[in-house]
1. Taking the C-alpha atoms of the stretch B:1-147, how large are the radius of gyration and the largest Cα-Cα span, Dmax, in Å?
2. Sorted from fewest to most neighbouring beta carbons within 10 Å, what does the list B:183, A:226 look like?
3. Principal axis lengths of the stretch A:316-372 from Cα atoms, whole Å, largest first?
4. Count, for each residue of B:256-269, the Cβ atoms from other chains sitting within 10 Å of its Cβ, then give me the mean as a whole number.
5. Per-residue Cβ counts within 10 Å, from other chains only, averaged over B:240-250: what number is that?
6. Where the centroid of each part is defined by its Cα atoms, how far is the stretch B:236-255 from the stretch B:291-315 in Å?
7. What number do you get for the stretch A:59-137 when its Cα radius of gyration is normalised by 2.2 N^0.38 Å, N = residues?
8. For chain A, what is the calculated [θ] at 222 nm in deg cm²/dmol (nearest 500), taking -39500 (n - 2.57) for each run of four or more DSSP H residues and dividing by its residue count?
């Protein structure tokens, strides 16, 4: 009885969906739960940029963007629910940015079957870089294996080129996300002769005493971290507690936002994190965001995240999506593109310095070209360091490339295995 | 009015002891079955299957399994998430090792494997009871999750530690993998739900169920009247594990398609299924369905109403959802400590007399 009542009510709720729009972009965000501290700024940035395009340019190519937000709480079951609920909205969603490696793994087969592209920027399945196997998945401009290699290269540079016999510990979120870099790090350990210690931290990551006790006992020379959400704050606090030298503690780009370090106070000064785009709000596009979005009262969320690291990243994701839409519109000659044309646009996306400057983001991100073989960019990144006094992350290196020799070998290996398991014929 | 029992005579013992002795109930039950098997598959789409029906059906099996252990046999278990993980990993290993065997048998075998594991972790129940047993099963929960994370053999040495279900078909129709048609996934799970409910119902009103209930109500008295506590308790663990294993297998293979053990089968899952059993009603098969429906469908419904219809911000809706579901649980349990099943029972008694209550 109860079930039937609910079903009727649910049907009524579903029938009253939002109005149709032409370019539907879905933001599967998480503003609640243990990962909200990182989910909120990313989502704000992602939404604000599309709002800016709607307000300032009237959308893209004359078509307004219909942004649909769906709360996943970083939970795969809710992620599936969100995907199914939104994929048909407004004539079909154009692209998904799940911001969760777990949900990405879930969506890769589903989105491939439905023909909707996924953009997993700097996360997700690394071997999706091989576009000839993963037709619908893109992870430009950099991926986890690039991150692992960039971190090791940074350590190499610091140690004067020789790290044989050094001990490096990896503190990682015990999930698909945290396990991604292990294979690359093992290869790099063989190549450079360092010793790798693996320290998993279970979801959600508040409990890390034993891992840091082990670090205190074994005194590794460097600690790398693959953390997300509350795990980052706890890890940095624990590192401060055991007085681990902060300049030898390097996080992946997902472990390097203001929210992660501020909790630990002044002692977190010197903590390092990778990044694949520039930091700060010193760009012309921020004036427009202030004028058209914030002052107009249309900012997403509380509007207090503008210019933070993850806000920038969310905005960068939106920039790349918008540029792909533009490319798709040019290629197909229609402004109301569908998801298939969107995929073609993403595969032919070309990001140049001139393009970024024209968007009001000069020198913000690396130059890269997407192709059928390469869905993952060129793996450029830089190291940023937390300045507690100024309260901001600062770039301390130039952009440099990851060890493509090792990574491309691993990508081919892993994607080949996936292709065999799933009977996929490589396209190019 | 609704229940016209006049003239509904029972002339044999079989008639008298059937599951739905009242004619109206019986017809309603047939109507639900016909609707579920013949009408729903024709009309459902991807969203209804993946967001509503599959989680409801799969959690219903898990709740039936746990209800046998907690509701009928009185052995508190907090290891449901871990046992679901056993089912999921068992079916994954079987699917990848023997691709030529039908997935249908793999799911049943996964249930069997889970039953064996469950019996193993049920051994402490012979010596400890109540909260102490809860702690012992909690250990099973953490141990199993740790094991599946730790030993690469279980996830076939994949780089991410995730398991993902390859495509498997029954009579040429895919039931797992991305190409699955909504009706196929739905029917596949529905068959298991129906079978589980029938088996559970008939077990619990037979000799086995009576033994379990005797143990639940007072184990010393049960022992004196001739119930073997070893057999009774372990059989409850085995049967419960079987159903929980099947639900875990379906949860992974049909519903999600890819899982990582810590996130999908964590302690939260154990609590969720336990709440379903408690809210639905301990010791009731209908209660398992009602509890699963309450905890699976209500959040989805609230989300659709708050975000879809009213257009509220998603974070506000997510927080409100927790508040509303939480307070409804309290209200329900204050109003009727025996769960939704008891509410339904009371309502039915009233309806049978209505409109002449005296």
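Just so you know, all these numbers are worked out from the coordinates, no wet-lab data involved. Predicted model only: the values in this text are computed from it and were never measured. Glycine also receives a Cβ, built like all others from the backbone with ideal geometry; neighbour counts cover every protein chain displayed.
1. Values for the stretch B:1-147 (Cα only, Rg and Dmax): 20.4, 60 Å.
2. Details: B:183 17, A:226 30.
Ranking B:183, A:226 by Cβ neighbours within 10 Å, fewest first, gives B:183, A:226.
3. Here the Cα extents, ordered largest to smallest, are 30, 23, 17 Å.
4. Details: counts 7, 8, 11, 6, 11, 2, 9, 14, 5, 0, 3, 0, 2, 1.
Averaged over the peptide's residues, the number is 6.
5. On the way: counts 0, 0, 0, 0, 0, 0, 0, 0, 0, 0, 0.
Counting Cβ atoms of other protein chains within 10 Å of each residue's Cβ and averaging gives 0.
6. Cα centroid of the stretch B:236-255 versus Cα centroid of the stretch B:291-315: 27 Å apart.
7. Details: Rg = 12.7 Å, N = 79, 2.2 N^0.38 = 11.6 Å.
Taking N as the residue count of the stretch A:59-137, the ratio is 1.10.
8. Details: 15 runs with 176 residues, N = 428.
Estimated from H runs of four or more residues: -12500 deg cm²/dmol.
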